[in-house]
Amino acid sequence: MANVNSENYLIFAAATSAVSLYTARKLKRNFSYYRSEGENSVEREKLIMLCRDIRHDAFGLRNLIDSDEMFSPFYVALAGKIADNLEELHRKLLFFDADLIKEIIPEIDSERIFWRELTDPGFYSEALSTHLDHELPARFFRIEKGLQHLPISISI
């Protein structure tokens, strides 16, 4: 049997908790999507707030990456939250007229493709830091600008 010191136990427990949190959040999102009974409309302001949540989570992830390696198990949980919010944003945008979202959807799809690799350990490299510093803020500026042109709400 392998010998594991107490510090490794804590890191393993944190990693397990982070992955469990990511999985539970994804299951909750899927369940609420397929069993939704109360959501009758999509509001522009909620979509904008979802974009801001993604930016805040990206900022938090960037700060974790810059801090001590001890926090690395939580990278997956925070990156998973970003990916889930991107999926929700994409799904809700599809209720709007295609002409209104034709410039926003490719931006979101590019992000969704990027975050698809979040469970790969190689994902958390310098390329992620560069993406968080440069590409994501510029992209979300364009997405939020596009969201401002949508109707206030749309019925589902």
Among (1) at pLDDT below 75; (2) under 19 Å from the mean Cα position of the chain (by Cα), the one test that residue 93 misses: (1)
Qualifying residues in region 120-142 (those that are assigned to a helix (DSSP H, G or I) and more than 16 Å from residue 57 (Cα to Cα)) - the one modelled with the highest pLDDT: 142
Helices (runs of 4 or more DSSP H) completely within region 48-119 that count 3 or more residues being not hydrophobic (A, V, I, L, M, F, W, C): 73-93, 104-115
Out of 82, 143, sole residue that is out of contact with any Ser or Thr (no Cβ under 7 Å at 6 or more places or on another chain) and over 19 Å from residue 19 (Cβ atoms): 143
Counted residues, region 32-88 - those being polar (S, T, N, Q), out of contact with any Leu (no Cβ under 8 Å at 6 or more places or on another chain) and modelled with pLDDT of 85 or more: 1
Scan of region 113-126 for residues that are under 17 Å from the mean Cα position of the chain (by Cα) and over 23 Å from residue 16 (Cβ atoms), ordered by number: 113, 114
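The values are calculated or read from the model by the stated rules, or taken from the named source; none is laboratory data. Computed from a predicted structure; not experimentally measured. Virtual Cβ from ideal backbone geometry, glycine too; neighbours counted across all protein chains shown.
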